[in-house]
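Step one of this worksheet: look at the structure below.
The values are calculated or read from the model by the stated rules, or taken from the named source; none is laboratory data. A quick note: this is a predicted structure, and the numbers were derived from the prediction, not measured. Here the Cβ positions follow ideal geometry from the backbone for every residue, glycine too, while neighbour counts run over all protein chains shown.
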Amino acid sequence: MDELLTVADFEAPARAALDPVHYDYFAGGARDEITLAANESAFARIRLRPRILRGRGTPELATAVLGAPASMPILVAPTAFHRLAHPDAERATARAVASAGTVLIAAMLSTVAIEDIAAEARKVAVDPVLWFQLYLQRDLGFTEAVVRRAESAGVRALVVTADSPALGHHERNDRHGFHDLPAGMRCENLRELRAGEPGHVRQVDLSPELSWRHVERLRSLTDLPILLKGVLHPEDARIAADAGIDGIVVSNHGGRQLDTAMASIEALPDVVDAVAGRLPVLLDGGIRRGTDVVKALAYGAAAVAVGRPVVWGLTVGGEAGVTRVLEILRDELAHTLMLCGCGSPAEVSRDLLPAGPRW
Ligand SMILES: Cc1cc2nc3c(=O)[nH]c(=O)nc-3n(C[C@H](O)[C@H](O)[C@H](O)COP(=O)(O)O)c2cc1C
Ligand SMILES: CC(C)CC(=O)C(=O)O
């Protein structure tokens, strides 16, 4: 892996290692993949306006997100089906992220159960921070059962994916006829456990009927902090803040839901302004470089999360691959902060972005 110098370098060897059907599942986006491409190209269009001679020394990257300590403001976004990428699956991801000292947002549709993900993380870190991504199910009783499992596993926040009233339409999957996991792989969190006995595994139930009312129900079910993932509109951010939501993830699901939706970095400034500091705003989508992280922080993100780069790292090198991807991002972030004259993520502000039309 030593020859892989950038996060982007991991994609080609991952592609070579994967079944093309599974590569397309991971890499792909909705419809014409316009939003998928925009997530990265929008970052490239933003120019930084660094400060000089501020004598800040080597930057300190540690931060806290929703009260959780993180070694850097780079979290791991929830991505489904890690066993398609590597036999160690989410166990490897959990160990790498916990060793890196940052937050893993474990996907509800993981191929390893949340209890086992938590146990793996605890093998390598004293107090690893795990959050759990939730698709609210129409069956409230089952949703509650999944939440209770996550709570018992020691999860510290729920991240409710709110941009998926239906599955995104991925023509890459249609062309391959890829609609189900291969035999032997299951979404272990969708298993109905009765008295600890392994039972039937449900299908995920994405519902166009979901509304703020369901989020309120969840609020009444659990004391865990709740983040909403998939916010692009500032008005939704304002409603979330009024509803007592604890955090927002500005995201277009990595370009996998509504094609031609705006790039997530394009949506960030208005969302940050709308919530006016009432709750932390995170961002995912297209983060591939340390400079991307600094641009998101400059627009007011408390932290960012990365999706596909972690999948490519896992594919190429299992736990070591994810570790390396996170290390590259960490080093690039530290270097970028230094070149911008910032001693920590907290010193990054919109002042690093030139005034004038944004896009
Ligand atoms: C293969 C794959 C699977 C994903 N699965 C989920 C999921 O189960 N739940 C969810 O909320 N988001 C899911 N996402 C979206 C990510 O959480 C995140 O929003 C996105 O990947 C960020 O963009 P990036 O891949 O450019 O970093 C998935 C993304 C990918 C690429
Ligand atoms: C199977 C999907 C619901 C998982 C997902 O969110 C995605 O692949 O983007």
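Scan region 241-255 for residues that are on the phi < 0 side of the Ramachandran plot and either more than 19 Å from the chain's Cα centre (by Cα) or away from ligand 1 (no atom under 16 Å from the Cβ) (or both) and report the count.
Final tally of qualifying residues: 4.
Could you please let me know if Thr143 is within 18 Å of Arg202 (Cα to Cα), assigned to a loop (DSSP other than H, G, I, E, B) and either of a type in the set (S, T, N, Q) or away from ligand 1 (no atom under 14 Å from the Cβ) (or both)?
Spelling it out, it is not the case that Thr143 is within 18 Å of Arg202 (Cα to Cα), assigned to a loop (DSSP other than H, G, I, E, B) and either of a type in the set (S, T, N, Q) or away from ligand 1 (no atom under 14 Å from the Cβ) (or both).
Could you list all residues from region 52-73 that are more than 18 Å from Ala301 (Cα to Cα) and either loosely packed, with under 15 Cβ neighbours inside 10 Å or touching a Pro at 6+ places or on another chain (Cβ under 7 Å) (or both)?
If the condition is that a residue be more than 18 Å from Ala301 (Cα to Cα) and either loosely packed, with under 15 Cβ neighbours inside 10 Å or touching a Pro at 6+ places or on another chain (Cβ under 7 Å) (or both), then Ile52, Leu53, Arg54, Gly55, Gly57, Thr58 are the ones that fit.
Anything in region 1-53 that is within 16 Å of ligand 2 (Cβ to nearest atom), part of a loop (DSSP other than H, G, I, E, B) and within 19 Å of Gly285 (Cα to Cα)? List them, or say none.
Gly28, Gly29, Ala30, Arg31, Glu33 - these are the residues of region 1-53 that are within 16 Å of ligand 2 (Cβ to nearest atom), part of a loop (DSSP other than H, G, I, E, B) and within 19 Å of Gly285 (Cα to Cα).
Based on what the data block shows, is Arg256 under 21 Å from Arg308 (Cβ atoms) and touching a residue at least 12 places away in the same chain (Cβ under 8 Å)? Walk me through it before giving the result.
On the way: under 21 Å from Arg308 (Cβ atoms): yes; touching a residue at least 12 places away in the same chain (Cβ under 8 Å): yes.
In short, yes.
Across region 115-170, what is the total count of residues that are on the phi > 0 side of the Ramachandran plot and of a type outside the set (Gly, Ala, Ser)? Lay out the reasoning, then the answer.
First, pick out the residues of region 115-170 that are on the phi > 0 side of the Ramachandran plot: 154.
Within this subset, residues satisfying the condition of being of a type outside the set (Gly, Ala, Ser) are none.
The number of residues fulfilling the criteria is 0.
Going through Leu210, Leu258, Leu224 one at a time, which residue ends up being hydrophobic (A, V, I, L, M, F, W, C), in a loop (DSSP other than H, G, I, E, B) and more than 16 Å from ligand 1 (Cβ to nearest atom)?
Leu224
With the requirement that a residue be near ligand 1 (Cβ under 9 Å from one of its atoms) and surrounded by fewer than 20 Cβ atoms within 10 Å (Cβ to Cβ), what does region 154-163 give you?
Within region 154-163, Asp163 is the sole residue that qualifies.
Consider Ala92 carefully, then state whether it is crowded, with 24+ Cβ neighbours inside 10 Å, within 16 Å of ligand 2 (Cβ to nearest atom) and either closer than 19 Å to Leu282 by Cβ or at pLDDT 95 or above (or both).
Against the criterion (crowded, with 24+ Cβ neighbours inside 10 Å, within 16 Å of ligand 2 (Cβ to nearest atom) and either closer than 19 Å to Leu282 by Cβ or at pLDDT 95 or above (or both)), Ala92 does not qualify.
State yes or no: is Thr102 of a type in the set (Val, Ile, Thr), within 15 Å of ligand 2 (Cβ to nearest atom) and in contact (Cβ under 8 Å) with a residue 12 or more places away in the chain?
no
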